[in-house]
Amino acid sequence: MERTIKWGILGTGWIARKFADGLKSVPDAELYAISSRSKSTADSFAKEYNIPVAYGSYEEMASDANIDVVYIATPHNLHCENTLMCLEAGRNVLCEKPFAVNGKEVRMMIEKAKEKNVFLMEALWSKFLPHIIQTKELIKQGAIGEVKFMKCDFGINTPYDPAHRHFNRELIGGSLLDVGIYPVFLSTYLFGQPKSFKTMAGLGETQVDFNCSMAFKYDRELISVMYSSVVAKTDVAAEIHGTKGKIIMDEWWFTPVNAYIVDLSGRKQKIDVKTIGNGYNYEAVEVGKCLRAGKKQSDIMSWQDSVELIDLLDAIRKECGIVYPGHD
């Protein structure tokens, strides 16, 4: 039996609950501690998930040496600050995406992990999902011929409230870093860094991107077209088109869903993969493997992967005019 990995979760919001649910499907993992800036909130979360220890401050949990790794589940604007605090205390860290607001912050986090000799990984959960991993393998095998075009989107319709995190500039609102990161990730995961790109954003009254559109150009005529939104529900679909057919994923493609190969005659075949849990378990399993092996970063989601992704997002924001005062 593998050594049990004791987890602490920093934050008690929606994503913290998703991750806590995911840990239920991870062998040899224990959700040992929860922290909030409110002790009563932490106590309530701990009672709901049967967590032994609840802290009324992030600092208290970061100082608990019984914790093997901390999952950072706070808003985007706090990722760097919270991660640095935990790393400074000697805790291993899995930080929710986006890793930080910009490349400078990401590099600070990586340097601190190196200094403290601890593990650090960005929690880009979709990269660990079986159907997405298998899609890359099928493309590599030539299952749809030479890939020429990808289209991918992620748009949701959030009722407008300037205080909501999707619209609040101080909370690093907007579509790109919250939902647009997924289509950008899929393109770079499958095809690498683009040779060039064109982007535009629809900035709303709070000066964050309510909509964002991106087109990446690669070698051999390959183009990826992507868009994101926090004001319009889109198909939330992904299609990869090649010379011999296409791969399509069901709606909410970045979650555990079915994917299919469709040949040029229209014949549709389901891609055979087995999925367990709610999907967040896969990144936690990878963290456990790395910690047991004494690794400080993951080969699947390496520090370099995170640097390349945030640098590309920075470049997109610059072209679109998306600015976050205090972070740029």
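Looking across region 145-157, the residues that are over 28 Å from Gln304 (Cβ atoms) and open to solvent by 20 Å² or more (accessible area, probe 1.4 Å) come down to Ile156, Asn157.
The lone criterion from (1) under 21 Å from the mean Cα position of the chain (by Cα); (2) in a helix (DSSP H, G or I); (3) not hydroxyl-bearing (Ser, Thr, Tyr) left unmet by Asn278 is number (2).
Taking region 217-237 as the range and being in contact with a helix residue (DSSP H, G or I) (Cβ under 8 Å, 6 or more places away or on another chain), within 23 Å of Thr255 (Cα to Cα) and open to solvent by less than 60 Å² (accessible area, probe 1.4 Å) as the test, the residues that pass are Ser224, Met226, Ser228, Ser229, Val230. Of the strands (runs of 3 or more DSSP E) entirely within region 162-254, none holds at least 2 residues that are farther than 15 Å from Met150 by Cβ, at pLDDT below 95 and among the aliphatic types (A, V, I, L, M). The single residue among Thr243, Thr206 that is open to solvent by 50 Å² or more (accessible area, probe 1.4 Å) and either more than 26 Å from Phe128 (Cβ to Cβ) or without any contact (Cβ under 8 Å) to a residue 40 or more places away in the chain (or both) turns out to be Thr243. Residues in region 114-143 that are surrounded by fewer than 22 Cβ atoms within 10 Å (Cβ to Cβ) and of a type in the set (Asp, Glu): Glu115, Glu137. Of all residues in region 1-31, those satisfying the criterion of being part of a strand (DSSP E or B) and either open to solvent by less than 30 Å² (accessible area, probe 1.4 Å) or in contact (Cβ under 8 Å) with a residue 60 or more places away in the chain (or both) are Ile5, Lys6, Trp7, Gly8, Ile9, Leu10, Ala29, Leu31.
Residue count for region 158-169 satisfying the condition of being surrounded by fewer than 18 Cβ atoms within 10 Å (Cβ to Cβ) and either of a type in the set (Phe, Trp, Tyr) or in contact with a Leu (Cβ under 7 Å, 6 or more places away or on another chain) (or both): 1.
Close contacts from region 171-200, counting a first residue that is under 20 Å from Trp253 (Cα atoms) and a second that is among the β-branched types (Val, Ile, Thr) and surrounded by 24 or more Cβ atoms within 10 Å (Cβ to Cβ), with Cβ to Cβ under 6 Å and a gap of 6+ residues or different chains, come to Ser175/Val230. Between Lys296, Lys289, the distinction of being in contact with a Cys (Cβ under 9 Å, 6 or more places away or on another chain) and either under 20 Å from Asp68 (Cβ atoms) or not charged (D, E, K, R) (or both) belongs to Lys296 only. Just so you know, in region 280-321 the residues that are polar (S, T, N, Q) and open to solvent by less than 40 Å² (accessible area, probe 1.4 Å) include one that is nearest to Phe99 (Cα to Cα), and it is Ser306. Note on region 170-196: among residues that are in contact with a helix residue (DSSP H, G or I) (Cβ under 7 Å, 6 or more places away or on another chain) and hydrophobic (A, V, I, L, M, F, W, C), the one that is most open to solvent (accessible area, probe 1.4 Å) is Leu171. Restricting attention to region 247-277, the residues being open to solvent by less than 60 Å² (accessible area, probe 1.4 Å) and of a type in the set (D, E, K, R) number 2.
The values are calculated or read from the model by the stated rules, or taken from the named source; none is laboratory data. Every value quoted in this text rests on a predicted model; they were computed, and no experiment measured them. Note that each Cβ is placed from the backbone with ideal geometry, even for glycine, and that neighbours are counted across all protein chains shown. In case anyone asks, the SASA skips ligands and DNA or RNA and just uses the protein heavy atoms, side chains included. Shrake-Rupley method; radii C 1.70, N 1.55, O 1.52, S 1.80 Å.
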